[in-house]
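What follows is a single structure, written as structure tokens, with notes after it.
Since every read-out is calculated from the coordinates, none of them should be taken as a lab result. Predicted, not measured: the structure shown is a model, and the values here were computed from it. So basically every Cβ, Gly included, is an ideal-geometry build from the backbone, and we count neighbours across all protein chains shown.
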Amino acid sequence: MKDSILKSSLPTVAVLGCGWLGLPLAKTLVAQGYSVVGSTTTPSQLLTLRDAGIMPFLLRLAPTLTATDTDTLHAMLTGVDVLILNVPPRRSATNHDYAALLQPVCEAAEACGIPAVLFVSSTGVYPDEPRPMQEQDALATPDASSALLRAEALFAAPERPWRTTVVRFGGLFGPGRLPGRFLAGKHDVAQPYAPVNLIHLTDCVGLLTSIIDQKVWGYTFNACAAHHPTREEFYTQAAHQLGLDPPVFQENDTLSGKSIDSQLVREKVAYVFLHDDLLAAI
């Protein structure tokens, strides 16, 4: 199945996790003519999804699903050509829970014959070292120390009967997530000279839809703006833009941090980032 062609030029897409990123992504796919199914954990969101042209499913993931959620997951994935996994790790969960949380999804995807998986991950998998980070600097393995890397490995393992592309996003910003609020008014903030690695919601949606459109499967990609201003420059200006008190950084902290290299995705996917200049984006 790995080398099979998806059933149509406009495959049916399942968006697992229709939240801040997943909902606008699903809406964009619907607007482009895709058939889209989507999940939410919130009953009141079911009508929102339906009104947006998304077939809604109420689903709460767990390492061991209830019979109802098992049936719901299988019903959602039946007939789907592309599964978008957009379920970030829960902050309250232990480091060992995330791959286990997604294990039932992996099993259901295999049972339903999913041909392609698009896994939304994070550049948080990289160590905070003062150098550019490329995709090979964090390897997805079943025994990786990072829960995200273990989850990536779960879906990108070579024995899976589907093609997987993993997209590791930088920090997310956009409507409802204004970077000027992230550090506003804080004092003694560390790493004033560390590079900022962010990506706007519009570019997240544009890039993911382009990967599906162009069938760019079998890759792991970093994705963030090409512009990396320092934390002090960016967050000071972002706070001023909102009329908030800027953060005060540590004067004697000369430590820098990682810079995310997103060159590979720009080479392999025909997509032009709209918010590559982070200072202009705020």
When only alpha-carbon atoms are used, what values of Rg and Dmax, in angstrom, describe the stretch 145-282? 17.1, 53
In Å and from the alpha-carbon atoms only, list the Rg and Dmax of the stretch 114-162. 11.9, 39
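Give me the dipole magnitude in Debye, nearest 20, for the stretch 44-162 about the Cα centre, with unit charges on the beta carbon: positive for Lys and Arg, negative for Asp and Glu.
Details: 7 positive and 14 negative charges, 64 e Å.
My answer is approximately 300 debye.
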Restricting to DSSP H runs of at least four residues, report the calculated mean residue ellipticity at 222 nm for the chain, -39500 (n - 2.57) per run over all residues, nearest 500 deg cm²/dmol. -9000 deg cm²/dmol
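If R₀ is 22 angstrom, what is the calculated FRET efficiency for the pair E233 and Q136, using the beta carbon separation as r and rounding to 0.05? If you can, show how the numbers build up before the last one.
Working: r = 29 Å, r/R0 = 1.34.
Step by step, r from the Cβ atoms, then E = 0.15.
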Two-decimal Rg/Rh across the stretch 149-203, once Rg and the Kirkwood Rh are taken from alpha-carbon atoms: 1.16
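Within the chain, what's the longest run with no GluC sites (Glu not before Pro) in a DSSP loop and at most 11 other beta-carbon atoms within 10 Å? Give the range, please. Walk me through the intermediate numbers first.
Values: sites that count: E159, E251.
With a cap of 11 other Cβ atoms within 10 Å, the longest stretch comes to 1-158.
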How long, wide and thick is the chain, going by the Cα atoms along their three principal axes, in whole angstroms, largest first? 56, 40, 37
On a full-extension model of 0.36 nm per residue, what is the gain between S145 and Q32, subtracting their alpha-carbon distance, rounded to one decimal in nm? 36.8 nm
What ranking of V189, V36 emerges when the number of other C-beta atoms within 10 Å of each C-beta is taken as an exposure proxy, fewest first? V189, V36
Top mean-square fluctuation among G257, G243, G124, Gaussian network model of the chain, C-alpha springs under 10 Å? G243
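To make sure I understand, if each residue's beta carbon is the centre and we count other beta carbons within 10 Å, what order do K268, K27 fall in, fewest to most? Intermediate values should be presented prior to the final figure.
On the way: K268 15, K27 19.
Lowest to highest Cβ neighbour count: K268, K27.
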Take the stretch 1-148, drop everything but the C-alpha atoms, weight them equally and run the Debye formula without solvent; then report log10 I(q)/I(0) at 0.20 Å⁻¹ to two decimals. -1.31
Tell me the relative contact order for the chain as a rounded percent, counting alpha carbon contacts under 8 Å between residues six or more apart. 17 percent
